Amino acid sequence: MYITETTINVKNVFEKVEELNDIGKVKFILYTFGLLNNNQINNKNEINPTLNKDEEEMTIFKMDLLGLSESACNVFLEYNAMLYNGLTETKDIIIDNGNVLGLEFDDNEINIVKDFEKLTYNEKLDLFKELFIRYDNNTYFKNNINIMTFDSNKNGFDIAREIEQFKI
């Protein structure tokens, strides 16, 4: 079922994500990549790591570590905000300075977010590996949804292998 080896915690979160409809899955991507875009995927689980005095001792996961553009995450968020708004026929979600605004969760989705927050840094990286692989290989959504690629030279498996290097 899982393409990469991971912990039971990651499997549990991803199983819950798999049960979501496509709109819920887009919201999960917006949430997780919003955190990534704001440097909140770090080994100390700091909400605002740029204010941390021990920043040199902190490992922060960023898209540019994967050889992607510094703006890649923001572009990905913009695309998924448009996708969400198109699927829901609303204009509820906007991206402002890399922040996802207007994102609301139902009770089931908020539990998935809470479970994601409890994951360790390495577990969050494992979850991102699964997201990259499944998204890039068109197995993330239930319906046929046009997706944007992350990189013309790398596929989801390549990116997942690179993410593995940043586990501590």
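Readers should treat all values here as calculations from the given coordinates under stated rules, not as data from a laboratory. On a predicted model such as this, the values are computed, not experimentally measured, just so you know. Glycine also receives a Cβ, built like all others from the backbone with ideal geometry; neighbour counts cover every protein chain displayed.
Structure above, values below:
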read-out	value
Added length on full extension, which subtracts the Cα-Cα distance from 0.36 nm per residue, Met58 to Ser152	30.8 nm
HN-Hα J in Hz across segment 21-30 - Karplus 6.51, -1.76, 1.60, θ = phi - 60°, x for Gly and Pro	6, 4, 5, x, 5, 5, 4, 5, 4, 4
Radius 10 Å from Cβ of Arg134, net charge of other residues (Lys, Arg +1; Asp, Glu -1)	-1
Vicinal HN-Hα couplings computed from phi for segment 112-123 (Karplus, 6.51 cos²θ - 1.76 cosθ + 1.60; Hz; Gly/Pro x)	5, 4, 4, 5, 4, 4, 6, 5, 6, 4, 5, 5
Computed over segment 57-161: relative contact order in percent, which uses C-alpha pairs under 8 Å that are six or more apart	21 percent
Note, ³J(HN,Hα) from phi for segment 61-67, Karplus 6.51, -1.76, 1.60, rounded to Hz, x at Gly and Pro	7, 9, 5, 5, 5, 8, x
Entries in Lys16/Lys62; Lys118/Lys167; Lys44/Lys154; Lys11/Lys142; Lys44/Lys129; Lys91/Lys118 that, when Cα-Cα distance is taken, lie over 23 Å	Lys16/Lys62; Lys44/Lys154; Lys91/Lys118
Least to most buried among Ile163, Ile110 (fewest other Cβ within 10 Å first)	Ile110, Ile163
Charged-residue dipole, Cβ positions (Lys, Arg, Asp, Glu), segment 29-168 about Cα centre, Debye nearest 20	280 debye
Order of Asp107, Asp115 under a 10 Å beta carbon neighbour criterion, fewest first	Asp107, Asp115
Counted charge near Asn122, where neighbours are those whose Cβ lies closer than 12 Å (Asp, Glu -1; Lys, Arg +1)	-1
Loop-resident sites, segment 59-157, for GluC sites (Glu not before Pro), counting at most 16 other Cβ within 10 Å (DSSP)	Glu70, Glu89, Glu104
